[in-house]
Amino acid sequence: MKVELVAAEASDRERLENLLELYIHDMSEILGSTPGEDGRFGYRGLDGYWSDPGRHPFLVRADGRLAGFVLVSRGSQVSGDAAVLDVTEFFVVRGLRRSGVGRAAALSVFSSFDGTWEVRVMQRNTGALRFWEETVRSFAGQAFETEAWRSPRGTDMRVWRFRSPSAKAR
């Protein structure tokens, strides 16, 4: 299956909003959240992905079909280091999970930016913990750190930290 990571344009906003609804719906099982009266969960901060140069929205396509998205931001929520690349949100539609689409998309995004990366996952999200452990190991080998971290909201998280080598080293 051919997996592509495509930079999302402002014209992709509605498409990304629709995928975010699916993502938040999936996460509602873990978070216990419910939609608003309009039937939507909503996602704050999406505008910043087209106005802040430190944020990068991507669509994931598999064999040309829309398959998910990745939102990347500069700045560590864990340490406060402004240079860290953060996988802010990551989503693959259920019908394509466990098919290699997610791993290919993650490896592609890691290879797109040089520097230190962090991936944060809620401890309660056991499927995502397995996925990211395998995916980070696939990208970084043994050259990564992992730690437990409690978010300011009191959510227990697992954090992976690793470096993406410079384009010259690849």
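Using the beta-carbon distance between S28 and S51 and R0 = 25 Å, what value does 1/(1 + (r/R0)^6) give for FRET efficiency, to the nearest 0.05? Display every interim value, and only then the final one.
Working: r = 28 Å, r/R0 = 1.11.
Once rounded, the FRET efficiency stands at 0.35.
Could you please rank V87, V101, placing first whichever residue has the fewest other Cβ atoms within 10 Å of its Cβ?
Fewest-to-most Cβ neighbours within 10 Å comes out as V87, V101.
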Springs between alpha-carbon pairs under 10 angstrom, Gaussian network model over the chain: which of T88, T146, T126 fluctuates most? T126
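Once you order the gyration tensor axes a ≥ b ≥ c over the Cα atoms, which shape class does the chain get: rounded for a/c under 1.5, otherwise prolate or oblate by comparing a/b with b/c? Show your work: numbers first, answer last.
Values: a/c = 1.36, a/b = 1.17, b/c = 1.16.
Because its axes are fairly even, with a/c under 1.5, the chain counts as rounded.
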Which value, in debye to the nearest 20, gives the size of the charge dipole of the chain about its Cα centre, when Lys and Arg are +1 and Asp and Glu are -1 at the Cβ? 580 debye
Within a 10 angstrom radius of the beta carbon, how do L96, L16, L66 rank from fewest other beta carbons to most? L66, L96, L16
Can you give the relative contact order of region 3-169 as a percent, counting alpha carbon pairs under 8 Å and 6+ residues apart? 18 percent
Distance from region 82-155 to region 38-75 (C-alpha centre basis), Å: 15 Å
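Throughout, read-outs are computed from the coordinates displayed, never taken from laboratory work. Bear in mind that the values here come from a model prediction, so they are computed numbers and not experimental data. Every residue, glycine as well, gets a Cβ built from its backbone with ideal geometry; the counts of neighbours run over all protein chains shown.
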